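A short write-up of the structure that comes next.
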């Protein structure tokens with residue numbers, strides 16, 4: 001069973017600029033496909049920083065991210081479930097791959113903090 005219900009998909013350029021524009025705001029939200037969701041998480045800022053550096057690829061397999069999906073958890077059976085966005089890429093065989101935020105070097109081991117907007 002899939003853990004998410006998909007409500008809409010969004011191209012990278014529909015989401016990334018909005019995150020960049022609201023980087024320093026306190027708990028910004030945006031609307032896409034008729035759904036409102038938060039855009040202030042560390043996970044989204046990690047993706048945004050990678051996109052800004054033109055390197056929105058998996059550090060392990062080099063798969064490139066292609067789009068965001070507006071999703072809710074499958075177990076949330078409310079009429080108007082809480083939604084969030086996830087980042088996906090597609091393998092050559094068409095398999096969809098969920099991107100997770102991943103620190104190549106954990107912050108606790110000296111990895112960089114991303115609390116400021118990319119320069």
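Odds and ends about this structure:
- Taking the average, over residues, of other Cβ atoms within 10 Å as the packing measure, peptides 45-51, 80-86 rank 45-51, 80-86 from highest down.
- Nitroxide proxy distance, nm - points 7 Å out along Cα→Cβ at residue 2 and residue 92: 2.5 nm
- Cα-only radius of gyration and Dmax that characterise the stretch 1-101, units Å: 13.6, 40
- For the pair the stretch 80-96 and the stretch 1-46, the centres of their Cα atoms are 13 angstrom apart.
- Potential lengthening between residue 62 and residue 79 on full extension [0.36 nm per residue; Cα-Cα distance subtracted]: 2.3 nm
Only the coordinates and a few stated rules stand behind these numbers; no lab work does. Everything quoted here is computed from the prediction, not taken from an experiment. When we count neighbours, we look across all protein chains shown, and the Cβ atoms used for this are built from the backbone with ideal geometry, even at glycine.
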